1. Return the residue satisfying two criteria in turn: it lies in region 146-156 and is assigned to a strand (DSSP E or B) and within 16 Å of Leu191 (Cα to Cα), and of such residues it is nearest to the ligand (Cβ to nearest atom).
2. All but one of (1) open to solvent by less than 20 Å² (accessible area, probe 1.4 Å); (2) closer than 29 Å to Phe73 by Cα; (3) in a helix (DSSP H, G or I); (4) touching a helix residue (DSSP H, G or I) at 6+ places or on another chain (Cβ under 8 Å) hold for Asp398, so report the exception by its number.
3. Collect the residues in region 201-215 that are within 8 Å of the ligand (Cβ to nearest atom) and touching a helix residue (DSSP H, G or I) at 6+ places or on another chain (Cβ under 7 Å), keeping them in residue-number order.
4. If I ask for residues that are assigned to a strand (DSSP E or B), away from the ligand (no atom under 12 Å from the Cβ) and touching a Phe, Trp or Tyr at 6+ places or on another chain (Cβ under 8 Å), which ones from region 216-254 would you list?
5. Only one of Phe159, Phe87 is aromatic (Phe, Trp, Tyr) and part of a loop (DSSP other than H, G, I, E, B); which?
6. Quick check on region 109-145: of everything there that is more than 14 Å from the ligand (Cβ to nearest atom) and part of a loop (DSSP other than H, G, I, E, B), which residue is least open to solvent (accessible area, probe 1.4 Å)?
7. Kindly list the number of the only condition in (1) within 16 Å of the ligand (Cβ to nearest atom); (2) among the small types (Gly, Ala, Ser); (3) buried (at least 22 other Cβ atoms within 10 Å of the Cβ) that fails for Ala476.
Amino acid sequence: MRRWNGWGDDSINYPVPASALSFLNRRVGNGHRPKDISLQEVLGRIPKSRLPRHALVSIDPLSRLLHSRGQSFPNWVDLRTGQLNTFPDGVAYPISNLDVVDLIRYALHAGVHIIPYGGGTSVVGHIDPIKSNAPVLSIDMSRMNCLINLNTQSLLATFNAGVIGPDLEAQLRAHGFTLGHFPQSFEYSTLGGWVATRSSGQQSMRYGRIEKLFAGGRMETPLGELILPSFPASAAGPDMREMVLGSEGRLGIITEACVRITPIPEREEFHAVFFPDFQHGIEAVQQILSSGLQLSMLRLSTAKETTTTLALAGHENLIRALERLLSIRGLGENKCMLLLGFCGKSILVRTNRSEALNITSKLDGVHIGKTFGEQWHKNRFKTPYLRNTLWEMGYGIDTLETAIDWGKTPQMVDQIEAALLNSMDDYGEKVHVFTHLSHVYPCGSSVYTTILFRLAHEPEETLIRWRAMKSAACQAIIALHGTISHQHGIGIDHKAYLEAEKGALGVAALSTLFRRFDPKGIMNPGKLVA
Ligand SMILES: Cc1cc2nc3c(=O)[nH]c(=O)nc-3n(C[C@H](O)[C@H](O)[C@H](O)COP(=O)(O)OP(=O)(O)OC[C@H]3O[C@@H](n4cnc5c(N)ncnc54)[C@H](O)[C@@H]3O)c2cc1C
């Protein structure tokens, strides 16, 4: 069963080896295990629903609790410690377009606010109910999860938008195809959620981000239906899909999405190469990008992330042997790991791999084969389970991300990390910060930073510290003119920084657009823009 106050299935755990715990102790100090609130206690605090009756709406307290928060760090604090003070008043599970239309009509008539709910994996407060006099209805799309049409000639597949990653892939793979969209939240996040947040999958280098994969679809808005036909290309004015991508539930409910699919690749490989330092790694990545080789992934860790990954990996004998080998090859504590992914026809995989490894070896990279890369691939959806274990040991973990052109990428890494480290000085606390470049483009890179810190004795204090770190990192991003989000979206947590990126006119234009489709302002108010 899915955890109500953590990540993932409650039968899956991610143990942390003793050596990793002592690594953490040395970096940030001993964790204080906070007292979690019990499910019964939270259920007892849920206020009476304010919703008028409707056949499709459940006011069951457990359903309301399960739809009350996503996966942001403040959401974790709320759910673990019982800080919650807002809940949806009810949850509906539509099974058809007609149900969605009916629910929107009901909400308009009764003055109800709607929060479209995909998989609830938002990490920026997208689905948190805002305090309001209006009742709140969460519309959970999980029962709209079928493959509606598969067009193998045009390589297009249309799904109901509530389909989660594994079910979408299984339905395509049964016919020999893949979407190739693998965000780390794959296990629970949905196609509609990916479109509504402009998500990016781990192999976006080959398959593209969701905006490339999203060919068209159907959205129900308070003013009626918006149909987005899927053309191979069109010059008919601005592309209406761009209004829907990243709309974060403000425009309407995506009920169907047509996506561009690819035949399952014949071969897939993941390799690891270690460089003497970050600069060598960046040079290798840039040369690979400009060589026109086809890869599915390049992920370059800084020295600190490399050390942390090796420390948390377990398998101590294997890691010791690897460290010995790298040290013989002259790589010391500044070493940085690059993961490379290849997929496609076997012959092309072989050529691309050998050319890419030629480039890395000319830049002093040490290729250690496939074991590490394949381990990463195997565990890539398991790593979020570490959040549960760390919380139980008294540690918080969160991630931040941006994207910026190559000229400023190393500076962005340094400035985000420095801002985070400094932000804890006033609290006499330490934060362990490490970064990787996860999605690379010819013109620049995403920068993905992880923070590990101790939870305070009181949840309010934990949140104060988290806000100080979050704000320091966001200010650093804005100061260097990076995007406030490469893949997580805006929601509540990034809303204050959107104007720095889009300008006052841009933000006002977005608000006007949402009002045009939703004059009464019932769709996910308080998120993305005012
Ligand atoms: C452990 C973890 C790892 C993650 N890794 C990645 C990653 O690798 N890449 C990445 O891009 N993101 C990642 N995320 C963030 C998150 O998974 C994405 O934002 C995802 O796209 C959200 O999808 P969801 O279905 O869970 O949407 P939800 O969280 O349910 O909703 C997100 C927003 O989309 C809206 N929405 C959802 N469905 C619809 C619909 N049908 N119609 C209209 N609006 C809708 C909601 O109203 C809300 O505003 C990660 C999150 C976690 C917790």
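1. First, pick out the residues of region 146-156 that are assigned to a strand (DSSP E or B): 147-151, 156.
Cutting the leftovers down to within 16 Å of Leu191 (Cα to Cα) gives us 147-150, 156.
Working: Leu147: 16, Ile148: 14, Asn149: 18, Leu150: 20, Leu156: 19 Å.
Among those that are assigned to a strand (DSSP E or B) and within 16 Å of Leu191 (Cα to Cα), it is Ile148.
2. (3)
3. Within region 201-215, Gly201, Ile210 qualify.
4. Taking region 216-254 first, the residues assigned to a strand (DSSP E or B) are 216-221, 224-228, 253-254.
Then keep just the ones that are away from the ligand (no atom under 12 Å from the Cβ); that gives 216, 224-225, 227-228.
Hit for region 216-254 is Gly216, nothing else.
5. So the residue among Phe159, Phe87 that is aromatic (Phe, Trp, Tyr) and part of a loop (DSSP other than H, G, I, E, B) is Phe87.
6. Within region 109-145, the subset more than 14 Å from the ligand (Cβ to nearest atom) is 109-112, 131-135.
Those still in the list that are part of a loop (DSSP other than H, G, I, E, B) too: 111-112, 131-135.
Numbers: Gly111: 38, Val112: 0, Lys131: 146, Ser132: 38, Asn133: 155, Ala134: 17, Pro135: 17 Å².
The residue in question is Val112.
7. If we test Ala476 against (1) within 16 Å of the ligand (Cβ to nearest atom); (2) among the small types (Gly, Ala, Ser); (3) buried (at least 22 other Cβ atoms within 10 Å of the Cβ), just (1) comes out false.
Table: residues versus (1) open to solvent by less than 10 Å² (accessible area, probe 1.4 Å); (2) of a type in the set (Val, Ile, Thr); (3) within 16 Å of the ligand (Cβ to nearest atom); (4) at positive phi.
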{"residue": "Thr402", "(1), (2), (3), (4)": "yes, yes, yes, no"}
{"residue": "Lys408", "(1), (2), (3), (4)": "no, no, no, no"}
{"residue": "Glu417", "(1), (2), (3), (4)": "no, no, no, no"}
{"residue": "Tyr427", "(1), (2), (3), (4)": "no, no, no, no"}
{"residue": "Ser445", "(1), (2), (3), (4)": "yes, no, yes, no"}
{"residue": "Pro459", "(1), (2), (3), (4)": "no, no, no, no"}
{"residue": "Ala468", "(1), (2), (3), (4)": "no, no, no, no"}
{"residue": "His488", "(1), (2), (3), (4)": "no, no, yes, no"}
{"residue": "Ile492", "(1), (2), (3), (4)": "no, yes, yes, no"}
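The values are calculated or read from the model by the stated rules, or taken from the named source; none is laboratory data. Keep in mind that this is a model prediction, so the values were computed, not measured. Please note: Cβ atoms are built from the backbone with ideal geometry, for glycine as well, and neighbour counts cover all protein chains shown. Remember, those area values only see protein heavy atoms, side chains included, never the ligands or the DNA or RNA. Shrake-Rupley method; radii C 1.70, N 1.55, O 1.52, S 1.80 Å.
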